Structures are given as C-alpha cells and as structure tokens.
1. Could you order peptides A:272-280, A:89-97 by the average number of other Cβ atoms within 10 Å of their residues, highest first?
2. Send over a whole-number figure in Å² for the accessible area per residue of region A:310-367, probe 1.4 Å.
3. Could you provide, to the nearest whole Å², the per residue accessible area of region B:1-131 with probe 1.4 Å?
4. Once you sort the root eigenvalues of the Cα gyration tensor of region A:250-331 as a ≥ b ≥ c, which label holds: rounded (a/c under 1.5), prolate (a/b larger than b/c) or oblate (the other case)?
5. Would you mind classifying region B:201-248 by shape? Square roots of the alpha carbon gyration tensor eigenvalues, ordered a ≥ b ≥ c; an a/c under 1.5 is rounded, otherwise it is prolate if a/b is larger than b/c and oblate if not.
6. If r is the Cβ-Cβ distance from A:Glu290 to A:Lys160 and R0 is 51 Å, what FRET efficiency results, to the nearest 0.05?
7. Could you give the accessible area per residue of region B:204-261, probe 1.4 Å, as a whole number in Å²?
8. Averaged across A:94-104, how many Cβ atoms of other chains sit within 10 Å of each residue's Cβ atom?
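The values are calculated or read from the model by the stated rules, or taken from the named source; none is laboratory data. Keep in mind that what you see is a predicted model, and the values were worked out from it rather than measured. Virtual Cβ from ideal backbone geometry, glycine too; neighbours counted across all protein chains shown. In case anyone asks, the SASA skips ligands and DNA or RNA and just uses the protein heavy atoms, side chains included. Shrake-Rupley method; radii C 1.70, N 1.55, O 1.52, S 1.80 Å.
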Amino acid sequence: MKKNNMVAMILAGGRGSRLFDLTKKVAKPAVHFGGKYRIIDFALSNCANSHISTVGVLVQYESILLSSYSARSSTWGLDSKGGGVYVLSPREKDETGLGLYKGTADAIYQNLDFLDQEEAEYVLVLSGDHIYKMDYEKMLQEHIDSKAEATIAVIEVPKKEASRFGIMNTDNTDRIIEFEEKPKEPKSNLASMGVYIFTYKTMRKYLKEDAKDPASSHDFGKNLIPAYLRDNLKLQAYRFKGYWKDVGTIDSLWEANMDLLKDNSGLDLFDPDWKIYTDDVSATPQCIGEQAKIDNAFITQGAIVNGEVKHSVIFSGVEIKEKAKVEESVIMNDAVVGEGAVLNRCLVADGVRIPDGMVLGNKKNKEILLVSKSFIAKAGEENE
Amino acid sequence: MSKVLGLLNFEPSYVHVKGIEDFRPISAASILGRYRVIDFMLSNFTNSGIDSIKVYIKNRPRSTVEHIMRTSYNINSKRGRIHLLHGEDVFSNNDLFNVDILAFKTYMEFIDVENPSYVVIAPSHFIFKQDFSELLDHHIASKNDITILYQSVNDANTSYLMGDLLEIDDKKRVVGASKNHGKYKSGDVSLETYVMSTLTFKQLVEEASMTSSLYSLADIIWDNIRVMKIGAYRHHGYCGCISTLNAYFNANMYLKKEKNLTRLINDDWPIYTMTNDSCPTLYKPGAQVRGSLVANGCQIEGTVIDSVIGRNVVIREGAVIKDSVILPDTFIDKNVKLDCAVVDRLSIVTHIKDIKGTKEDPIYVKRGDRI
C-alpha cells in the first residue's frame, strides 16, 4: 500500500572513525547494536513503520556488508511492489564520469535522477547512525500543514551539552531563523537530529546550485540549510520527544547499549506496534547454564552464558565461559569470554576471543575500553 | 544426484499429547522456546539438499500453514518448493480411517508432476538430526527396495509406545516388525523414516488401498517383509518421539542443556524457524535464572530454574519457575510458583499461586487460559 510519496534517503557512507577498530572493515551503520541489531535497522524500521515504501541507502565507505545487508528489503518489510531498498553507491555517469560523494548534499545531488524516477514529492533525509524510534509520517503531516520548504527534527538537549550539536534558533512559531553548527555560546537548546524533510522541487533547485559552487563543502548543515535561510525560505522545526542517540563514539555506543537495561530510557524495544526489524539468524535460544549468574542483562538468542553477567548487553553467538565475570560491558557477536576472565566497563568487538583468566577494564575507568582483535593480539605480545 | 522428493507424513493415531493436541497437530507445537516440532524434520530435508517437500496435514491446518508460509527453510525460492497438502475432504471423523495412505493416494498427482526417482518419507512427530543424503546413498548402494531408519534404544518400555519395533538380522535386513507394547526395555525402534524409489512407493500405496482402508504405509511395508528387500539404517544421537505430553516435556528438559542442544543444532546443521522480530530478553534486577533455555522477547523479574521459556514471556517478581516448560506469549504474575508444569501459549497465570506436577506427570495449563 502506497500511502505517501515521500522517498527516504539514508546517509550511510561515513566511516565513523571515532569507533576505531569497530569500523575498520564495516561502515558505521552496519555496526552491531543492542544484542541482535545493526545500527541502520533503526532508520530502516522507522521508515517501514512510517509507511514509507521507497528507501535509498547512500553507501561509500567499506560498503560490501552494508550494501548486501540493506538490499534485503524483506528484512524490514520494505519489499512491497513499487517500493524497496535501493543501495546507492557512487557510480560512473555518462556526463560526469565517476565521482565520489563529496558531502551529504552532494550524495543526494548525485542521485537526483533516482528521485526524479521515483517521482518523489518529498524527500526524507536521515542519518544511518542514530538510535531512536520516530514516526516520520507525523513529521510529514506537520511539514505539509506548516507549508514549509524544509522541516528539521529537533530535540531538546541540556544547555551545557548544546555546543556539541547543530543548534536551531526558532521564533515562537517554531520557524527556524538561525542555524549554528556547534556554537560556543548556544542561544537555544534545540539540537538538530539529522532528520530532514524537504519539498523535493525546491530542494532539487538548491542542490543543483550548491553543486555548481566550488567553494561549497556540499553539506546539509553547512551549505544547504544556510542557503535556504539566506533566501528566507520557510524552515520549520519539528520537536521530537523521546529517546535519540548519536552513537558515534565508543562511549556513546556503550551508553546507548546500557540504556536498554533501564526501565525508563524511553527506548522501548518491546513495543509490538513499533518493532525494530533485523536480519534473522538461525540461532538457538539463549542457554543459561547451571553455574550462570545473571543480574540485570539484555541477552539475545544464540548466546551461551555459563559465567556471571552483571549489568551488561550480550549479543548473538557470544559465549561466556565458567567463572568468567562480565560487568558493565557490551559483548558483541560471537565473542568468547574465556574461563575466569574478568571484564568491567569494556566494549568487546565481534569475534574477539578473550583468553582464560584475562582481566580487562576497571570499574573506576572513566572511558570504556574497546577490546578488539588487535588489542588482544597486542596484549598477547606484551605478555611474551 | 537423482531427483529426490521429501514427504513429511502426519502423525499416526497413536500420538496423543494431552492438552497441546487440542489446539494443533503436534508437528505445529512450540518446542524449546522458539521452534515448532516440524522445523527439525523440515530442516533435515533442506540441510540434506532436498528442497522439494510435500507436507501432509491431517487436521487443524492453521498453525502449520501459517508457520511454514512464514519460515524460510533455506529452500531455493524458484527451484525449490514446500507443498502443503491438507486432506479436508477425504478425512473422516473416525481417526482410524485417517491413514497416511489415503493422503498419499489423494495427492499422488502432485508427486507425478515432479517425477522424482526417490522419495524420503519422514515423520512429523519425531525430533532427530539425520542427513538424508547419507541415508539415500546407503539405500542406493545396498540395492534395498526400502530402507528404514531405526534407533537402538533401552527405554522402549516407557518411550516409543505403540511405535514399531523392528527385528533386524545380522545383514541389516528387516525380517519382522511388531507394535511396541512396552514389554521390553531394549529394542530397535523404527523412526518411521523410509527411503524407496517412487515406483515402489506408488506400488505400495496402491496395494495398501486395495487391501484395507485402515492400512497405513507401515502396515503394507510389513506385509512385504518376505517379498521385498527391506534394509535397516541405524541412526545415532538424540531421538525424541513426541507422542505423549510426558515425551514432550522430557524432550524440552533434555535439550535445554547446552551440550545436548548444540549437538542437535549447530552452524553445520541449523534448524530454521519463523522469526518473530522479538527484541532480546531483559533480565531485570533481582531476576535469577540458571540451567534454563530462554527465547527472545522475555522480561524476567522472577526466578527461573531448569526450565524452558518461550518467546515474549513475562515473569514478574517473586515468581518461581522450576522444571517447567513455558510456551510463548505467556504471562506469569507475581509470586506464582510453577513446578513441573507445561503452560501453553497466551495463557495468564495470576490467581492460582501454586501449580505443581511431577516429572513423570507434568501439569498442563491450557492455551489462552486465565487462571
């Protein structure tokens, strides 16, 4: 059923270099999250639940896994006739040859032919690396009702943190009058969530102009939004209340996982009306052994727990051996925590094998320790 | 490889799983938290490279149909096929007449269309792991007319009751068969899995329907013991015959242990089932869980010991679940004590605070019941 003519474009090409080894071979949106998900599942599931039928996923950095993963439209129920998930990687073109995506706006510009072909009336631009649940259909309705050329979703953030975000200054009708990227002295606490709805016709014109400008960095926040403001086009803020998190660093990725243990984080994955869909794995249910001790954990199928798990998130296929102790940690897919190993405030990457008895992290550590394969290899060398 | 068709038979009339069978055939019953009994045999087929399968359904087709339609058994979406054959018109109210031969005969045209060289007929009330391609290779090499899978057991006095006991000579030839009345502990039990050429299969179906309308495929095979070369092929490893509530309970209890489970299901032999898109399970502060198999989507505040917990089960604080099987979408309220119970899907246990069965005779709580 086609309900609206809004096409979603998910920006998923970035490397996410602040995730270090986690994004060495996969793009950030494909990084695992919350036991059984990948980060991009949230944007894709939100699209599906908001009755959007056509979604473009713009990939560039390390895209093999992300492309094949996103292309399986049926995972999210995005496989209706006439719709689907389109993986849009940089391509060679008749007129312009092969060009990489030079920025977020350029990535959309280079796919204007796709949006033309889909006869888009509205374009929803999303980031592939945010954790949240949002009904874009409601946002579209407000966009239409307010007769704006663009609507930007905003969330209230604590004033002292506002200088980390793109801040929208609005009038009393929530019309955006000024946009400041990471201001030193923020005038408001409305942070952009990186969720935009554009009326396509106008956007198309502005993207074409932006592409011609050699001085532009072809970025939505830095160039396109300021151009709209300069020309006095109507830009509306859409206030979002609820859970939203940018998981761009090891600490924030760890924190977002830990939020799943809370009753009141605002991110309810149990809600049957707004499920987050993900690739199905043919894993057994979770095996909780005779010796296991579990105190507040989020654990998914395929995990085998024989040790102690406290306040942690355990992903698919993880094995926690006897007498191991895992506390305040996130253990990603297929990692093995050896017998008697002790982990505190760690984020263990996929497939890492932690040797028996190894002690990692400390509850007094302010920062979370990223335990990757190369970290373990290095620790092994130092012991020799 | 010659073209092989998998035929998944429906359960014979000796299968009676108290309570559970009132709502679905045992093949569609939930087991081990996230599977249906039928998943094991269908995955045996597809893991063995057989991706053309006929599933015969005797009655109450809804849950089987729904489950199979929504499960990806790793069958090639163009060349492979699962065919659901539900015999609504041909079956009678008297279950004695509802023999597999009737279903095979009725839908023979669907087998003819595919024109396979061999058929593998497997039961839907058994759980075991078997590579059917090995069985087929053995069948072809041995030049048997029929090859039957069997297991040597030492609990025939309590399990596999009314199943078939085989008499096997030292050349692995079946020379006799009798019903298991539970007289002896040890014996060779038929796993009701047969390999034969399509030609032989068609002959047997024809012969059986001419002989008696009460005849099953097994009956006509036993009639031919002296005429045909019937070989036996031994199965090793776990085998569960889910023919009673007790057997259902025992299968859950045995397979919830990691070592037993991972021998049956692993990366080399995955068991496919329907995804429900449930999120992982949340163990809240104060929850105590050990010795258990837990599916996704649960919210646990209470205590769970040596049990199997199905998908999307809620267990409130103070509840204590021990040696029990909780089927999906169940709600166990505060301070409820369950011991040796089988709680069927969608039920709510809130008022009755103490439910206690025994391992030999677990208590059954009805599907959708509110107690």
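1. Going by the mean number of other Cβ atoms within 10 Å, highest first, we get A:272-280, A:89-97.
2. 43 Å²
3. 40 Å²
4. Judged from the Cα gyration tensor, region A:250-331 comes out oblate (a/c at least 1.5, b/c at or above a/b).
5. Oblate, since a/c reaches 1.5 and b/c is not below a/b.
6. Here the calculated transfer efficiency is 0.60.
7. Solvent-accessible surface per residue comes out at 42 Å².
8. Mean shielding count: 0.
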